[in-house]
1. Take the residues in the range 106-117 that are open to solvent by 60 Å² or more (accessible area, probe 1.4 Å) and within 29 Å of the chain's Cα centre (by Cα); name whichever of them is modelled with the lowest pLDDT.
2. Do the conditions hold for Glu62, that is, is it open to solvent by 10 Å² or more (accessible area, probe 1.4 Å), free of Cβ contacts under 8 Å to residues at least 60 places away in the same chain and among the acidic types (Asp, Glu)?
3. From the residues in the range 141-173 that are touching a Ser or Thr at 6+ places or on another chain (Cβ under 9 Å), assigned to a helix (DSSP H, G or I) and over 19 Å from Ser115 (Cβ atoms), which one is most open to solvent (accessible area, probe 1.4 Å)?
4. Output the residue which, of all residues in the range 29-56 that are within 16 Å of the chain's Cα centre (by Cα) and farther than 15 Å from Asp159 by Cβ, is surrounded by the fewest Cβ atoms within 10 Å (Cβ to Cβ).
5. From the list Arg199, Arg228, exactly one residue is charged (D, E, K, R), outside any loop (DSSP other than H, G, I, E, B) and either touching an Asp or Glu at 6+ places or on another chain (Cβ under 9 Å) or crowded, with 21+ Cβ neighbours inside 10 Å (or both). Which is it?
6. Going by the conditions given, is Glu209 open to solvent by 50 Å² or more (accessible area, probe 1.4 Å), free of Cβ contacts under 8 Å to residues at least 12 places away in the same chain and closer than 30 Å to Ile79 by Cβ?
7. Failed condition for Ala74, given (1) surrounded by fewer than 22 Cβ atoms within 10 Å (Cβ to Cβ); (2) part of a loop (DSSP other than H, G, I, E, B), with all others met?
8. Can you tell me how many residues within the range 174-196 are within 13 Å of the chain's Cα centre (by Cα) and open to solvent by less than 10 Å² (accessible area, probe 1.4 Å)?
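The values are calculated or read from the model by the stated rules, or taken from the named source; none is laboratory data. Only a predicted model underlies this, so the values are computations on that prediction, with no experimental measurement involved. FYI the Cβ positions are ideal-geometry reconstructions off the backbone, even for glycines, and counts take in every protein chain you see. Protein only, heavy atoms only, side chains kept; ligands, DNA and RNA dropped before computing areas. Shrake-Rupley method; radii C 1.70, N 1.55, O 1.52, S 1.80 Å.
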Amino acid sequence: MAYAVQTSSLTKYYGKARGIIDLNLTVEEGDFFGFIGPNGAGKSTTIRTLLGLLSPTGGTAEIFGKNSLTHRTALLADIGYMPSEASFYQNRKVREIIKLSADLRGAARGKDCASEAARLCERLKLDTEKKIRELSLGNRKKVSVVCALQHKPRLCILDEPTSGLDPLMQREFYQILEERNQEGATVFLSSHVLSEVQRHCRRAAVIREGQLLISDTIENLGHTGAKRVTVRGLKEPPLSEAVRDIKRNGDTMTFLYSGSPQKLLAALASLPLTDVTIAEPDLEEIFMHYYTPDGRRQTPEADKEES
């Protein structure tokens, strides 16, 4: 099995401050992979270490089977990196910035990026004659997209790529990524927008406090055993155990339940309810399933033990 990304006990500390700890992550070539976690979880640290922009405190990171630090220059020619916030020379025109990026990346690959850059600019409706300082946040984001993708990289590493893009441009952006993925490129996507991960990624990993909680297919990540229960006519949930994320709105209450279905049904049957709905939780709730208020890892196996 060929891996586009592989880390072994990858660790990064900033002095005494934690970055990432013993990260073991694999991304197969040709995958569309989501990387998810709250702010400060270590997503950007992981990405910058993968790119060889940071030296790890311990462990190793490999891109296409090569050490990302010792082979950084050669590997970067095959990587399209889009940071969450990109900074450009403010008084340069868009076309000049794109050309500068093309010269840096295209020259390393021995190819001309101009035609692909023009095609991307047209699809994203990007005015290349404007100066960077004249652009909105969304249009600066488009410049970052073109700079990252114009050399048709084998690996696209994208950190919060759609923030600032309007819904139409988000759809076009993902259409471009889907096309690249179908052509064989690996996509590694860090995102807070869980609906994007559900819609486009085949596999995903969850990271918190610098540690990998779980990595699996989107389908398997959804098999937590938890159900979203909505009841009308109750002030408190029918059971105290295996219940979390309680929300109230007037006489309606919803909560996530991960215990025995027989216990739940028996408890509900004995109560004077006016309405009840039991449904699968959405993706955001599924990923929140892997976090508990006190910071412990939460997994389906742990839920089974609790119930």
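1. Ala108
2. Answer is yes for this residue.
3. Gln170
4. Among them, the one singled out is Asp31.
5. One residue alone meets the criteria, Arg228.
6. On the way: open to solvent by 50 Å² or more (accessible area, probe 1.4 Å): yes; free of Cβ contacts under 8 Å to residues at least 12 places away in the same chain: no; closer than 30 Å to Ile79 by Cβ: yes.
Here the answer is no, as Glu209 does not meet what is asked.
7. Here Ala74 clears every test but (2).
8. Residues flagged as within 13 Å of the chain's Cα centre (by Cα) and open to solvent by less than 10 Å² (accessible area, probe 1.4 Å) within the range 174-196 amount to 6.
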